[in-house]
Amino acid sequence: MGYYIEVERGVKLYVEDIGEGIPVLMVHGWPLDHRMYEYQVALLPAYGYRCIQVDLRGFGKSDRPWHGYHYDRLADDLLAVIQALQLSHIRLIGFSMGGAIVTRYMSRHRGWGVDQLILIGAATPRFTPTSDFPYGTPVAEVDKLIKQAYTDRPQLVTSFGEMLFANPVSQSLRDWLRDQGFAASVHSMACTLYSLRDSDLRPDLPCIHVPTWILHGKLDRVCPFPLAIQTQKGIAGSRLIPFERSGHGVFYEALPEFNSTLLSILSPSSLHPN
């Protein structure tokens, strides 16, 4: 079922809550919304998982306030959802920018309620390079995206959709993902691009002390695979699972393998490996 949760005065997030059992909290990437997990939510409840999907502020069906698009506030929004639903023993999943937000949540809120972290094509530990971090998308390229958000957002969303996959997918699927981007507000899209451009999550990684899996396509053009390697290095004991023939949209492009891997990771036995 779908409902709204107030995360601060006057700001409500849309949440879809399907199934019963172990809570799996799923955070989408830029510029998508909760619907991106459709092919996981169609599976997991049958195996005893409660799928809780959140539309970040400014995206999907959530409210579109003028403020609050930095990672700290977005992480605080997740805490508000977790507390409102009284969740515990959570399996926390974040894709792309959502991976950055859940990483900040783990640091800022000391992993409150979370038993396991799963990062998918995550924009961690940085989305852009610096003098001591030669990986990611150049700042100038992100600046172009920000400008395009304010001048030709439909083309920005369409062009981004073309980068999601390394292999052919149906035009109907591309249209479906593009429609998710169109559901976001131009302001939220631009402001979160600033957050992607400027945020440095390297100090957050050592604060993660739960079993962590990193699922990443080797052919990712949005968050290049070296980001996954650096993320694994920063999170003690984390495990990196590469998808050799997949791009950024590994959640669909490698669908059978991805879902099988996800089920294996979510299994209670994976939290206490021999």
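Values in this text are rule-based calculations from the coordinates and carry no lab data. The model shown is predicted, which means the values in this text are computed figures rather than measured ones. Heads up, the Cβs are rebuilt from the backbone with ideal geometry, glycines too, and the neighbour counts pull from every protein chain shown.
Calculated FRET efficiency, ARG110 to ARG174, Cβ-Cβ distance, R0 = 35 Å: about 0.35 to the nearest 0.05. Extension gain for LYS218-PHE182 works out to 10.2 nm (0.36 nm per residue, less the C-alpha to C-alpha distance).
Tell me the relative contact order for segment 1-72 as a rounded percent, counting alpha carbon contacts under 8 Å between residues six or more apart. Mind dumping the intermediate values first?
Numbers: 134 pairs, mean separation 25.7, N = 72.
So the answer I get is 36 percent.
What you get for segment 1-99, charging only the Cβ of Lys and Arg (+1) and of Asp and Glu (-1), is a dipole of about 60 debye around the Cα centre.
Excluding same-chain neighbours fewer than eight residues apart, the aspartates and glutamates reachable from LYS233 by a Cα-Cα span under 13 Å are ASP204. Other residues within the sphere of radius under 14 Å centred on the Cβ of GLN53, judged by their own Cβ, net out at -2 (K and R +1, D and E -1).
So, counting K/R as plus one and D/E as minus one, what does the shell of residues with Cβ under 15 Å around LEU117 add up to? Local net charge: +3.
Please give the length that would be gained between VAL139 and LEU263 if that part of the chain were fully extended, namely 0.36 nm times their separation in residues minus their C-alpha to C-alpha distance (nm, one decimal).
On the way: separation 124, 0.36 × 124 = 44.64 nm, distance 3.63 nm.
Extra length available between VAL139 and LEU263 comes to 41.0 nm.
Modelled this way, with points 7 Å down the Cα-to-C-beta line, the labels at HIS70 and ALA84 are 2.3 nm from one another.
Normalised by the number of residues in the chain, the average gap of Cα pairs under 8 Å and 6 or more apart makes the relative contact order 19 percent.
Could you work out the percent of alpha carbon pairs in segment 123-274 separated by over 19 Å, rounded to a whole number? Here the long-distance tail beyond 19 Å is 61 percent of all Cα pairs in segment 123-274. Determine the distance separating the Cα centre of segment 115-135 from the Cα centre of segment 252-273; give it in Å without decimals. Answer, in whole Å: 21. Taking segment 92-184, how much of its Cα-Cα pair set, in percent, is spaced more than 16 angstrom apart? Considering segment 92-184, 67 percent of its Cα-Cα pairs are separated by more than 16 Å.
Would you mind computing Rg(Cα) / (2.2 N^0.38 Å) for segment 1-146, counting N as its residues? Before the final figure, lay out the partial values.
Details: Rg = 15.3 Å, N = 146, 2.2 N^0.38 = 14.6 Å.
Cα-based Rg divided by the globular estimate yields 1.04.
Beta bridges assigned by DSSP with both partners in the chain are antiparallel in approximately 30 percent of cases. Calculated from the alpha-carbon coordinates, segment 39-124 shows an Rg and a Dmax of 12.9, 39 Å respectively. With kT/(6 pi eta Rh) evaluated at 10 °C and eta = 1.306 mPa s, and Rh the Kirkwood radius from Cα pairs, the chain diffuses with a coefficient of 87 µm²/s according to Stokes-Einstein.
Expressed as a rounded percentage, what relative contact order does segment 152-274 have, with Cα pairs under 8 Å and six or more residues apart?
Details: 126 pairs, mean separation 33.4, N = 123.
Averaging sequence separation for qualifying contacts and normalising by length gives 27 percent for segment 152-274.
Maximal additional length on extending the MET1-MET163 stretch stands at 55.2 nm, based on 0.36 nm per residue less the C-alpha distance.
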